[in-house]
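A quick write-up on the structure given underneath.
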Amino acid sequence: MSASTLPATSAMAAEAEADLEALVAISSPSGDAAGAEAALALCIERLPPGAAIERVPCSSPDHAPDLLARVRGTGSGRVLLLGHVDTVVAHAEHLRLQRDGDTWRGSGAVDMKGGVALALALARWLAERPDSFAELAVLLVVDEEWRSERFSHVGRFAGYDACLCFEAAERTPAGEEGVVVRRKAAGTLRVTGHGRAAHAGSNPDAGANALLALAEVASAAVALHRPDGPAELSVVPTRISAGDAVNVVPADGELMIDTRAVSEAAFDTVIEAVASSAKAARVEVELIRSWPGMDTAQATRDVLEAASERLGREIVGVGRGGASDASHFAAAIPLTIDGLGPRGGHAHAPDEYVYGPSMFERAEVAIAIAEALLR
């Protein structure tokens, strides 16, 4: 980066660190309206002065509204900054930010409150340069970790030139700065078992065992797992429950299956196969949430090359298996780049963390990419 940009980047990283700590202090599990409102209230305070603020309906019912802010500029180009403030951590397990040297642990630190903090910092930096863009939008949603309906926001940004999403970052095995330009499609299947109750001791064969049916489905699902195949299909049973008593043949149950593939079309194959695999009882299979795949490697190549030149070190487009809301925008906004947040690890786990020095490093990356996009 140029010497003139260094002070601004340092200030941006310091502000993002403070905002990260404040955001992590707020417990905001997905679906909790009070937590979402508290997190978004803080984000509103940290938006650029003069931003036009809207609270738009969330994609999922019974959630707090999402946050949309727009800043008008005098230049050309429209850019969307994207993130989410919800976490998977329940209130009782929530941990505030704790620093242990360069390791900063806290609930939602890397997924993705650290990224939200950097997105807000970049928005403020860009707003001070209104001649570099025509419109800057910041969209922060509250249901990314558990969305029950189709994503509803893509149409709002028709005609936008770029989407920058601030999910967690990574480095390549060679140590290059990585940003995400490829993601698999992701889907969640819910399998419901419908059997018939009977006394497990005196008349077990009169029952139809929903638990056994779901176990048969789980085995059939695992047999489809081919992440190295042409569809790059992963099929992973993740949760099962059945029965109400220890001495009764289970009449009902539920199995959840996580699926990932290059295309959403692969999910139909999984649904058809597992639906016909149960013998012990009747089952129903439904796709209860789905993200499309994302591949913007070709569309973003020139921008990443120009940004690398500005930064003075390589920025490389990489692939990742996890789902992200960036995937919803990729088909409509070809210049979609994800993975702009800080580096860290153990997302969704009690020891989730951000690597502290990466706040500055990723602020540099975000500025370089924004400049390459807009200039």
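The values are calculated or read from the model by the stated rules, or taken from the named source; none is laboratory data. These figures come from a predicted structure and were not determined experimentally. With ideal geometry, Cβ positions are generated from the backbone for all residues, glycine too; neighbour counts draw on all protein chains shown.
Key figures
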| read-out | value |
| --- | --- |
| Strands (runs of 3 or more DSSP E) (entirely within segment 89-167) containing at least 2 residues that are within 21 Å of residue 63 (Cα to Cα) | 135-141 |
| Test: residue in segment 338-347 that is assigned by TED's automatic domain parsing to the domain that holds residue 158 and either among the polar types (S, T, N, Q) or over 30 Å from residue 98 (Cβ atoms) (or both) | no |
| Filter result (among the charged types (D, E, K, R), touching a residue at least 40 places away in the same chain (Cβ under 8 Å) and not in a strand (DSSP E or B)) within segment 247-269 | 264 |
| Residue within segment 255-263 that is β-branched (Val, Ile, Thr) and modelled with pLDDT of 95 or more present | yes |
| Among the candidates 179, 191, 142, residue that is at pLDDT 95 or above, outside the structural domain of residue 344 (by TED's automatic domain parsing) and of a type in the set (A, V, I, L, M) | 191 |
| Single condition residue 79 does not satisfy, out of (1) buried (at least 23 other Cβ atoms within 10 Å of the Cβ); (2) over 21 Å from residue 159 (Cα atoms) | (2) |
| Count of residues meeting criterion [surrounded by fewer than 22 Cβ atoms within 10 Å (Cβ to Cβ) and either at positive phi or not assigned by TED's automatic domain parsing to the domain that holds residue 325 (or both)] in segment 86-113 | 1 |
| Test: residue in segment 280-300 that is of a type in the set (S, T, N, Q), in a helix (DSSP H, G or I) and at pLDDT 95 or above | yes |
| Qualifying residue in segment 240-254 (condition: under 24 Å from residue 330 (Cβ atoms), out of contact with any His (no Cβ under 9 Å at 6 or more places or on another chain) and crowded, with 18+ Cβ neighbours inside 10 Å) | no |
| Condition met for residue 149 (surrounded by fewer than 16 Cβ atoms within 10 Å (Cβ to Cβ), of a type in the set (Asp, Glu) and under 30 Å from residue 367 (Cα atoms)) | no |
| Unmet requirement for residue 40, which otherwise passes all of (1) farther than 25 Å from residue 154 by Cβ; (2) part of a helix (DSSP H, G or I); (3) under 19 Å from the mean Cα position of the chain (by Cα) | (1) |
| Residue ID - surrounded by the fewest Cβ atoms within 10 Å (Cβ to Cβ), chosen from residues in segment 168-179 that are among the hydrophobic types (A, V, I, L, M, F, W, C) and in a loop (DSSP other than H, G, I, E, B) | 174 |
| Single residue of 117, 51 found to be closer than 21 Å to residue 11 by Cα and buried (at least 24 other Cβ atoms within 10 Å of the Cβ) | 117 |
| Residue in segment 22-29 that is under 22 Å from the mean Cα position of the chain (by Cα), under 20 Å from residue 356 (Cα atoms), surrounded by fewer than 20 Cβ atoms within 10 Å (Cβ to Cβ) and in the same structural domain as residue 342 (by TED's automatic domain parsing) present | yes |
| Hits in segment 330-350 (condition: in contact with a Ser or Thr (Cβ under 9 Å, 6 or more places away or on another chain) and assigned to a loop (DSSP other than H, G, I, E, B)) | 333, 334, 335, 339, 341, 342, 343, 348, 350 |
| From the options 83, 77, 73, residue that is over 23 Å from residue 330 (Cβ atoms) and assigned by TED's automatic domain parsing to the domain that holds residue 357 | 73 |
| Matching option when the condition is among the aliphatic types (A, V, I, L, M), outside the structural domain of residue 76 (by TED's automatic domain parsing) and in contact (Cβ under 8 Å) with a residue 40 or more places away in the chain, among 231, 210, 168 | 210 |
| Residue under evaluation residue 279, criteria (1) over 29 Å from residue 167 (Cα atoms); (2) surrounded by 14 or more Cβ atoms within 10 Å (Cβ to Cβ); (3) among the basic types (Lys, Arg), criterion not met | (2) |
| Hits in segment 247-289 (condition: hydroxyl-bearing (Ser, Thr, Tyr) and either under 20 Å from residue 213 (Cα atoms) or touching a helix residue (DSSP H, G or I) at 6+ places or on another chain (Cβ under 7 Å) (or both)) | 259, 269, 276, 277 |
| Residue tally, condition surrounded by fewer than 19 Cβ atoms within 10 Å (Cβ to Cβ) and in a strand (DSSP E or B), over segment 301-317 | 1 |
| Which listed residue is charged (D, E, K, R) and touching a residue at least 60 places away in the same chain (Cβ under 8 Å), from 272, 305, 371 | 371 |
